[in-house]
Amino acid sequence: MARWGMVIDLRRCVGCQTCTVACKLEHNLPPQTFWRYVIDAELGAYPEVERRFLPMQCMHCGEPPCVPVCPTGASQKRPDGIVWVDDTVCVGCGYCVVACPYRARHLVLEERWYFGQPTPPEQARRQPARLGVCTKCTFCMQRLDAAPPGAVPGRDPAATPVCATSCIANAIHFGDLDDPQSSVSQLLRTHKTVRLLEALGTDPAVYYIVG
Amino acid sequence: MGVQKVPVYCYQCVAGPDLLNVVVEDGVATTVEPNFAFAAEHPAGGRICVKAYGLVQKLYNPHRLTTPMRRTNPKKGKDEDPGWVPISWDEALDMLAAKLNAIRAAGLLDEHGYPRLAVTFGSAGIPVAYMGTLPAFLAAWGPVDQDIGSGQGVKCYHSEHLYGEYWHRAFTVAPDTPRCRLVISFGHNGDASGGVAGVWRHAEARARGLRWVQVEPHQSVTAATASEWVPIRPKTDAAVLFAMLHVVLHELPWQEVCDVPFLRHFTNAPYLVGPHGYYLRHGSSRRPLVWDPRQGQAVPFDTPGIEPALEGEFRVRGVEEGPDGHCWAHHAARCRPALALLREHVRDYTPEWAAEIADVPAATIRRLATEYVETAAVGETIDIEGTRLPYRPVAILLGKTVCNGWGGYECCWARTVLAALVGALEVPGSILGTTVRLNRPAVNRLESVRPGSDGFMAQPLNPTDRERWQARPRSRNAYQTLVPLVANSPWSPALGPAHLPWLFLEEPPEAWPPPTLPEVWIIYRTNPVISNWESDRLLRQLPRFPFIAAFAYTVDETNWFADLLLPESTDLESLQLYRIGGTKYIEQYWRYTGFALRQPVVPPRGDTRDLTDIATELAVRTGLLAAYNAAINRGAPLGVPLQSPLYDLRLDLERPYRAEEIWDRICRAATLSLTQGREEKDLAWFKAHGAFLVPFPERQWYLHPVMAASGLRYELPYQERLRRVGKELRARLHERGIRWWDAQLAEYQALPHWKDFPDLWAQVARRYGKDPNDYPLWLLTSRSMQYAWGSNVSLPLMAEVARHVQGHFGVMLHPQTAAAAGIREGDEVVLEAPHGAQARGKALLRQGVRPDVVVVLQQFGHWATPFAKELDMPTLNQLAIMDLTLTDATGSSADLVRVRVRRA
């Protein structure tokens, strides 16, 4: 069984938000909901100041704090490491939203449209089941699960999260952390990486290359 | 109906086109994705940028105009509701055709010789990828004024366009990023403006260790990813570049660090310059002379086997050719090689001198100059597809405000001379040109290289001699009269001083034909009220235009003044074949070249029409069908004629064709011509496959092999020809009593001197009766990748994702500056320029902004465009001052203005 994970090269990211918008379209997310986005931040004081970009999303933690707090069992971790929410079970209590230290869970209570009324694609892809339940990055598991025979996640676009396939800086890499031959494993072996809030014991599956 | 993936191209920014699939589910376009079928051929793995993901919302935007509209309120003004009423296409086309036919009846030129029909396009040349066969209609029409500006000049890389193409066929310049080791970028914001190819190449290069130094007043997106940020005072870049020249030529052992063979044989560095500042020439052949130390005498520059001197002073017999055929014959003139003059020229431009001006430490300037020459790897070579070429992995880039307007010439010159000194020009690793727009053919810049005079490339300068100079301007920005460098290609009108028509309407110059308005002005994919500088001037003048027909996506700030709105089918609804690949701005360097199709992914919304069909209808209604079809047959839409020895796909001149028929023939002609008749792909094939490509040799990225094979030199560092051209232009203008262009004429210097460029803006404040010290801040702008060139400002999706990028949507200023004015984060602030114009926005406090600088992203300030008018975003264009004294010799200015700021 694979353990899916991501390696994001911070040396490459330019904060363009292409991954942000690609994710929004792939998952038909309503206005003001972002399953991922890129933080654009400053460190230091003029003239010794640095501007840094940091892509943020669900870390698909090995020890996800959002799962044990779920009173219904809707919030789950799959054997392949993907943390997801069964929206047929979720009651939208919001415990997981509070528990997630990465602010990666989103509760949308009512339908929202970009122009007040739904456009044809918004109408065509309406998802009432996602209202009042927790939603989040799924590592595009619908793509992984429907991968064509022989397609390798992380290599073949049809079987890879859209944030990775859309990145114009080739900064986002996806693959099997347990496969030493995968691109993500090779990147981890050859680069200095960090994980966010590792001290919390969350065991994130998202690594950031910093050198 | 299921799910279909429809291949199209996106050319919403100049850094395209890129290839994508539109996902159509049960007849509704839902999302887009990269067209990975071309991942191996595309320079960025087939990816598409953030703007392309807005195309679906652009298609279904409910604020779109979907039927032609006629104005009912005869009064025009910002506060006058146009009173739009919908009309049929027949009514709309009849209305426009009646105006056009009236022009044809009266004569195509007005009483002052200006075309009665004017058209303006925006977005840096993008519209040609969307306007179908409209170019064929304009070609059939006759003289059309394309001079009325929409912001070009200050919004493009203007000096680089003109001088870059002049020196090395470089309409824009890019580093050979995959092989470069050091980039010193003066404000070039390539990670926002470079498109997917630029971003991809930069990222790959950073990951392998490219060092990138960003010199600019605020930390742009590109500074964020740079190895080092060097804050600099606005408009002082030339001082730092001059000081770098000083370091190389006076503080370092220049004979050791420079590429001396390159200087000797590929530049005019050894050309002897006489006492009047012109090349000393051979008496009979008039070839420029160089000094041959072995023979101890001057010989023509192209004498075989010589190693000409780069230093020294010599007494030489020869002739100098000045302006207007004036010659000076010398028996023993004192003359020196151009390089010796260059060394003398930069002697006083020390790092300490520049540090005072630019607020960049002298040690930093010395370090950068030294690092530059040490990284240049002078003497190294590299194999490119079996050809051994010099390898010089260093590049200096210039940003928009750096290479535009006053100081632009100085910066472009110093940058290109620094490249020439180490041979880092048009070779692997170095700076490269991308494409040509003033020279022909435009398809491949290498093919535009032809031998000219004095060992240089032939240049298509507008003539300045008494016999051929265009004394009476034939179009409203007078580019052929005032700007020799801008040439006379189809792109030249837009690259002339395109703001002059607006300026002259209010301030008619002396000894000049009276400014007139076009009787019909057609605008497409442009919104000059937002994109032009000093937009208030446009608001005052637009009500005077007799008739404006606007191809319109939504109501906007310019078509608010129109008489007729024509809703064209937009990006995903219409049909067009366009060139891709080869080399093209900003960093589109492909190993393939060919054509891509844009096609309707769903039926057009409402009653919108394909621009090709609109153009055909106009041709029919104006009696120009035969000339229009003939223009298509000649290749007006794409540059591919429909007839060649290999094929004959010509249209019958007498009958109108639908867009599908026209583009089918163009598809077939394009592929036949690209493959020398071997392959023919029709429209149906393109609709299924998206693009057709053939290999493009990588060695064609570089101009150097062509220059070497042709025995040609770069016209650097000495600008003898421009000196002569400037003198002639001065004489022509003065002969007609024109003195208002004198300041611009001063730019024609063989070796440019530093001028106090920042002070020009202070002087403008004084002209308005203000103390410049009361306007202590520089207002600058910066590129937004999410918006630049995209015509997508009415999309909430773009605003939503752009908000994650600093600067959207507000006024960026340093906390210290803010504190001094009692401003806190989020406060509404008022920016005021010396001429009284004001703009408002929310304060965004940033450490990465010099304390003497305020930054707003371009281009906003909307008040009519749906959704965009709610963004509460100021724009520099509301405050920038349009003024002749801020116009340089190329006809551009720089995107900045002095302001003061206060809390609202």
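The values are calculated or read from the model by the stated rules, or taken from the named source; none is laboratory data. Just so it is clear, the structure is predicted and the values come from calculations on it, not from any experiment. Methodologically, a virtual Cβ is constructed for each residue, glycine included, from the backbone with ideal geometry; neighbour enumeration extends over all protein chains shown.
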> Going through region B:738-769 one residue at a time, which ones are among the aromatic types (Phe, Trp, Tyr) and within 18 Å of B:Phe504 (Cβ to Cβ)?
Replying inline: B:Trp740, B:Trp741
>> Step by step: first the residues of region A:25-38, then only those that are within 22 Å of A:Ala159 (Cβ to Cβ) and more than 7 Å from chain B (Cβ to nearest Cβ), then the one that is surrounded by the fewest Cβ atoms within 10 Å (Cβ to Cβ). Which residue is that?
In response: A:Asn28
> Is region B:64-73 home to any residue that is over 27 Å from B:Tyr9 (Cβ atoms), among the hydrophobic types (A, V, I, L, M, F, W, C), more than 14 Å from every other protein chain (Cβ to nearest Cβ) and buried (at least 22 other Cβ atoms within 10 Å of the Cβ)?
Replying inline: yes
> Considering only residues of region B:149-175 that are part of a loop (DSSP other than H, G, I, E, B) and among the aliphatic types (A, V, I, L, M), which is nearest to B:Ala458 (Cα to Cα)?
Replying inline: B:Ala170
> Looking at B:Ala37, is it surrounded by fewer than 20 Cβ atoms within 10 Å (Cβ to Cβ) and part of a helix (DSSP H, G or I)?
Replying inline: yes
>> Given the criteria in contact (Cβ under 8 Å) with a residue 12 or more places away in the chain, surrounded by fewer than 20 Cβ atoms within 10 Å (Cβ to Cβ) and over 21 Å from B:Asp895 (Cα atoms), does B:His704 qualify?
In response: no
> Filtering region B:815-828 down to residues that are touching a residue at least 12 places away in the same chain (Cβ under 8 Å) and either buried (at least 24 other Cβ atoms within 10 Å of the Cβ) or small (Gly, Ala, Ser) (or both), which residue is farthest from the other protein chains (Cβ to nearest Cβ)?
Replying inline: B:Gly822
>> Can you list residue pairs whose Cβ atoms sit under 6 Å apart, with the first residue in region B:75-99 being without any contact (Cβ under 8 Å) to a residue 40 or more places away in the chain and the second being of a type in the set (A, V, I, L, M, F, W, C)? Count only pairs 6 or more apart in sequence or on different chains.
In response: B:Pro86/B:Met69
>> Between A:Ala2, A:Ala22, which is part of a loop (DSSP other than H, G, I, E, B) and small (Gly, Ala, Ser)?
In response: A:Ala2
>> Residues to consider are A:Val7, A:Val14; find the one that is crowded, with 23+ Cβ neighbours inside 10 Å, within 14 Å of chain B (Cβ to nearest Cβ), more than 17 Å from the chain's Cα centre (by Cα) and touching a residue at least 40 places away in the same chain (Cβ under 8 Å).
In response: A:Val14
>> Looking at B:Tyr628, B:Tyr585, B:Tyr592 in this structure, which one is of a type in the set (Phe, Trp, Tyr), surrounded by fewer than 20 Cβ atoms within 10 Å (Cβ to Cβ) and in contact (Cβ under 8 Å) with a residue 12 or more places away in the chain?
In response: B:Tyr592
> When B:Tyr9 is evaluated against the numbered criteria (1) closer than 30 Å to A:Arg155 by Cα; (2) in contact with a Phe, Trp or Tyr (Cβ under 9 Å, 6 or more places away or on another chain); (3) within 14 Å of chain A (Cβ to nearest Cβ); (4) not charged (D, E, K, R), which criterion, by number, is the only one it fails?
Replying inline: (3)
> Can you find a residue in region B:819-836 that is outside the structural domain of B:Glu510 (by TED's automatic domain parsing), touching a strand residue (DSSP E or B) at 6+ places or on another chain (Cβ under 7 Å), part of a strand (DSSP E or B) and farther than 24 Å from B:Lys155 by Cα?
Replying inline: yes
> Can you name every residue in region A:121-163 that is surrounded by fewer than 18 Cβ atoms within 10 Å (Cβ to Cβ) and more than 30 Å from A:Ser182 (Cα to Cα)?
Replying inline: A:Gln123, A:Ala124, A:Arg125, A:Arg126, A:Gln127, A:Pro128, A:Ala129, A:Leu131, A:Gly132
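To keep it simple, each residue is scored yes or no on (1) part of a helix (DSSP H, G or I); (2) more than 23 Å from A:Ile209 (Cα to Cα); (3) over 20 Å from the mean Cα position of the chain (by Cα); (4) touching a residue at least 60 places away in the same chain (Cβ under 8 Å).
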site: A:Trp35; (1), (2), (3), (4): no, no, no, yes
site: A:Glu42; (1), (2), (3), (4): no, no, yes, no
site: A:Met59; (1), (2), (3), (4): no, no, no, yes
site: A:Thr72; (1), (2), (3), (4): no, yes, yes, no
site: A:Gln76; (1), (2), (3), (4): no, yes, no, no
site: A:Asp87; (1), (2), (3), (4): no, yes, no, no
site: A:Glu110; (1), (2), (3), (4): no, yes, yes, no
site: A:Gln123; (1), (2), (3), (4): yes, yes, yes, no
>> Please go through region B:847-889 and give me each residue that is surrounded by fewer than 21 Cβ atoms within 10 Å (Cβ to Cβ), touching a residue at least 40 places away in the same chain (Cβ under 8 Å), within 14 Å of chain A (Cβ to nearest Cβ) and under 21 Å from B:Pro234 (Cβ atoms), ordered by number.
In response: B:Asp852
>> With the requirement that a residue be assigned to a helix (DSSP H, G or I) and more than 25 Å from the chain's Cα centre (by Cα), what does region B:754-768 give you?
In response: B:Asp759, B:Ala762, B:Gln763, B:Val764, B:Ala765, B:Arg766, B:Arg767
